[in-house]
């Protein structure tokens, strides 16, 4: 198996609010290997965007980070912002959700590329810059005839393709794509997804695809990490996780996703917790249909499930750590509908 | 016109139970040939000279009928005119043609024609038709607490000034949409709530006046997956308990499948396929409907990314394609679909996206940069080296590289001309909605006149 | 607060996380107060120093008859006329001026005049500028064009000249000098409120909640009053305070040029300054320095408040409250499980 490009260990990212620190990312570990696409799914507010930006060192002032992010044997946590800027773009890329706002309306597409390439590879000649930009754009399905157009002359899907091309023109080893298709129409979304799915073949780039849509993960990713309330609750091979989810949250999330094959509306009672004051023990226990006594008291320990994925759930043990009587079903008070989302 | 609505907590005495067949129920909304055209503001000189700069046909001849208790799904991509149709029903977009007959039932004073109503008259209609927006956060006034926001319709329409009565109704509405315990929510501001809770508050506000018709514009598409089902279930419950009729506007055929009795697929201002939801999902007729269905991401990793999907995006409504608006993207398009000069540009761009840099430069040297060709069934492709036949050779090259490209089905003849090549296309034919079984489809593939021309093409 | 402010840079929205359960009642003004209370660092300093200076002058203005040793035009006491241009001494701390009037009393009564004029002017301009801005921005069309034209014309006019013309025109019809000055100043500042409010309305009226209000059947008056008003007045406190500072200078300018309030009607710093300037050559500094200091202090105070408010309220300038987070040590974070640290190590090994 290929060596990991990005290796995240026990990463925590908290940021301050008037009400106290938000534990947006609270002890997260995962690897992304070369040419691999890892899907990071979770509901809004679970910390997935903060995690994606935290890896790239893009965080609001006042936030605190610890743990470790290793990129090709280089530690990224604690690196100076100026050094981080060098690495970002050249070796680490970011694709945003909203392509309209990230392109300067007064700059031609060619100028966007020239600026990016000049900043990181000053030795390139103009002809080389053009050739490389046009080539990258072409692979994203943008005709070379449009190279000197302005952003407003492109449709939403084209702009997202341009954004992806801008992120890839420097051949970064690792790219974070944060909900890259959320603002797009279904058909355009499918076009972009097929581009992302082909990244490996075309660019040998590893991708962290952040999304709230399990369907997108299923189509574009080899592996999936499910995030809930600042922690990764399950991570493993996408086929495995989707066909045999180990964590109750993954299972419930899959069941509540509405797709063409859905036969009945299903939903998870309650709403995601407040990350300023998350529930004790397993953060999911107040909503979990299989919650046990132990779940509300002790933080779950990560284990490798029989089917191969990593899962943090007491249902999967380790049994020796569960105190006596811990496996009894959790008696819960009736969920106040106030907690419904 | 409208009388004081019933209390919310008293169920509507709706005579039409869900058991009544759809066709026997009274018609709530009858839209015939609805048109919403916006005049384009031209440049300075155009306006100075009084020249018209044309119009955008946002909605161009849409017809449908909505019966009591029915849920009609208006499905399409952005730019399809689905939201404009919804807004026109509330007088928020100008109705420039057609008829819209709205009959909210006897308690609202019988049928009225919405076309031609002026703003003050529309204000009364807005008691019986309510609108739910896509973004629950933006559709609530950030400076108003929930109790005030939900009670506001009562004040706007002068239903009651009695504080006790208002409080009672607000509480009843909060309870009904699941914002309970009510006291915890009454004095919150939108910023204090989660997306799902905000959409519940919007629904509470919408049912305050006991409307007959609820127009829901993408009510769940900004919500998390795990919340969508909750809000859809709530809307179904509200429909059952309050005897509501829904117009559900969405781009998402997956939620529509669950929610709608009837589906109307819109593309560039027109309905291209309409019929009972079961039929549409079981046997989609229009290539566009098939593509939309194929594009929905399924949480099933065994399914590969769909490949044979329409290229490009919804074109500019100010200059719609000839014939069938969908033909430039359609994988199954053939001779009568309206091939035209502009499609030559698309063909060249597609070619140049695929070929190597050197070849692109060479070919561009032959025909030059694609100029904005005028709409029309004839195209003149220039040849820089006039008379060399290079342009004709290039076209042959393109054709032999991908003979299955639908474009060639529309080309009638390629003739050399002084200065280039002339392409003549088949006569464009506007597809009209035709009855195919229980659905109506606007596609030449289903027109017996063209049956001989239609090559069996694989569509997704 | 608009939808735009939700998308915080670098991190997902805090508003998207489920809200705290404690509900604190707060209206638009409550929110303003909340933000002011949360001010930190430099802007907090600006606000409080400015507020303190301004408060001193307000106290002087309100309680002038109690604080001032003499009347604003009193030149004798107990039948004894004060010294003419007497230097500061035990009886007259700031000395007396050419009219034998006590300078301290003039300065104190002057703050009353200044505050009166400024409050009136700000209230008038608010009541004219804000509604006009709302109407113009909401309806648009020819009404908007005409109003914008008028306001731009007023704006383009040299402001002091405009004030002089208005003051001159009103001198005879309006009896009170304070009212005349206030109206003259109002005319100068109305366009600013108009412009700002109109601009805000232009963007706010595209918000879905405004269309939602229309869809509910609300009349334009209701939409403007209940939906737009509270969402567009956020920048008004800043302009009002900064304008107030500016108005003090305009008032003093009018007085200095002799178009302001006459010394028989009320004490006015600008007039005193002008009279005092002549004394300077003779070394009589106190007749001009004290009124001058009063002008500078009050203007500084109001400007500080305005800039402080701007820092606090302007979403572009305002940083996330940015309380620095200190991560608790790992073993402290693991609240329950004593073996947690070991697990973390185990997790890393398993992955590697």
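Tallying residues that are surrounded by fewer than 17 Cβ atoms within 10 Å (Cβ to Cβ) and modelled with pLDDT under 80 within region C:29-70 yields 10. For region C:145-164, which residues satisfy the criterion of being surrounded by fewer than 19 Cβ atoms within 10 Å (Cβ to Cβ), farther than 20 Å from residue C:246 by Cα and in contact (Cβ under 8 Å) with a residue 24 or more places away in the chain? Answer for region C:145-164, where residues must be surrounded by fewer than 19 Cβ atoms within 10 Å (Cβ to Cβ), farther than 20 Å from residue C:246 by Cα and in contact (Cβ under 8 Å) with a residue 24 or more places away in the chain: just C:148.
The residue that is farthest from residue B:60 (Cα to Cα), counting only those in region B:326-344 that are within 14 Å of chain A (Cβ to nearest Cβ) and assigned to a loop (DSSP other than H, G, I, E, B), is B:331.
Would it be correct to say that residue C:133 is in a helix (DSSP H, G or I), crowded, with 19+ Cβ neighbours inside 10 Å and modelled with pLDDT of 90 or more? It is true that residue C:133 is in a helix (DSSP H, G or I), crowded, with 19+ Cβ neighbours inside 10 Å and modelled with pLDDT of 90 or more. In this entry, residue A:43 is excluded by the filter for residues that are over 23 Å from residue A:197 (Cβ atoms) and surrounded by fewer than 21 Cβ atoms within 10 Å (Cβ to Cβ). Here is a check on your reading of the model: is residue B:226 more than 28 Å from residue B:407 (Cβ to Cβ) and without any contact (Cβ under 8 Å) to a residue 24 or more places away in the chain? Yes, satisfied. Would you confirm whether or not region A:157-165 contains a residue that is touching a strand residue (DSSP E or B) at 6+ places or on another chain (Cβ under 6 Å) and assigned to a loop (DSSP other than H, G, I, E, B)? There is no residue in region A:157-165 that is touching a strand residue (DSSP E or B) at 6+ places or on another chain (Cβ under 6 Å) and assigned to a loop (DSSP other than H, G, I, E, B).
Whether any residue in region B:132-145 is outside any strand (DSSP E or B), within 14 Å of chain C (Cβ to nearest Cβ) and touching a strand residue (DSSP E or B) at 6+ places or on another chain (Cβ under 7 Å) is what I want to check. Within region B:132-145, one or more residues are outside any strand (DSSP E or B), within 14 Å of chain C (Cβ to nearest Cβ) and touching a strand residue (DSSP E or B) at 6+ places or on another chain (Cβ under 7 Å).
Considering only region B:257-264, I want to know if a residue exists there that is assigned to a strand (DSSP E or B), touching a strand residue (DSSP E or B) at 6+ places or on another chain (Cβ under 7 Å), closer than 20 Å to residue B:294 by Cβ and more than 10 Å from every other protein chain (Cβ to nearest Cβ). Within region B:257-264, one or more residues are assigned to a strand (DSSP E or B), touching a strand residue (DSSP E or B) at 6+ places or on another chain (Cβ under 7 Å), closer than 20 Å to residue B:294 by Cβ and more than 10 Å from every other protein chain (Cβ to nearest Cβ). Looking only at residues in region B:279-301 that are within 7 Å of chain A (Cβ to nearest Cβ) and assigned to a loop (DSSP other than H, G, I, E, B), the one that is surrounded by the most Cβ atoms within 10 Å (Cβ to Cβ) is B:297.
Filter region B:153-186 for residues that are at the interface with chain C (Cβ under 7 Å from one of its Cβ atoms) and not in a loop (DSSP other than H, G, I, E, B); which is surrounded by the fewest Cβ atoms within 10 Å (Cβ to Cβ)? That would be B:184. Counting only helices (runs of 4 or more DSSP H) wholly contained in region C:145-231, the ones carrying 1 or more residues that are modelled with pLDDT of 90 or more occupy C:177-204, C:208-215.
Checking each residue in region B:378-406 for being surrounded by fewer than 20 Cβ atoms within 10 Å (Cβ to Cβ) and assigned to a loop (DSSP other than H, G, I, E, B) picks out B:384, B:385, B:386, B:387, B:388, B:389, B:402, B:403, B:404, B:405. Tallying residues that are assigned to a loop (DSSP other than H, G, I, E, B) and either away from chain A (no Cβ under 14 Å) or within 27 Å of the chain's Cα centre (by Cα) (or both) within region B:188-230 yields 13. Taken together, the residues in region B:113-131 that are more than 7 Å from chain C (Cβ to nearest Cβ), without any contact (Cβ under 8 Å) to a residue 40 or more places away in the chain and surrounded by 21 or more Cβ atoms within 10 Å (Cβ to Cβ) amount to 2.
The residue list B:149, B:143 contains one member that is at pLDDT below 90, in contact with a helix residue (DSSP H, G or I) (Cβ under 7 Å, 6 or more places away or on another chain), under 19 Å from residue C:205 (Cα atoms) and crowded, with 23+ Cβ neighbours inside 10 Å, which is B:143.
Kindly indicate which of B:409, B:422 is in a strand (DSSP E or B) and away from chain A (no Cβ under 14 Å).
Numbers: B:409 fails: in a strand (DSSP E or B).
Exactly one residue qualifies, and that residue is B:422.
In this structure, residue A:124 does satisfy being out of contact with any strand residue (DSSP E or B) (no Cβ under 7 Å at 6 or more places or on another chain), more than 11 Å from every other protein chain (Cβ to nearest Cβ), closer than 25 Å to residue A:146 by Cα and surrounded by 15 or more Cβ atoms within 10 Å (Cβ to Cβ). Scanning region A:85-101 for residues that are assigned to a helix (DSSP H, G or I) and touching a strand residue (DSSP E or B) at 6+ places or on another chain (Cβ under 9 Å) yields A:87, A:88.
The values are calculated or read from the model by the stated rules, or taken from the named source; none is laboratory data. For clarity, every value in this text was computed on a predicted model and none was experimentally measured. Heads up, the Cβs are rebuilt from the backbone with ideal geometry, glycines too, and the neighbour counts pull from every protein chain shown.
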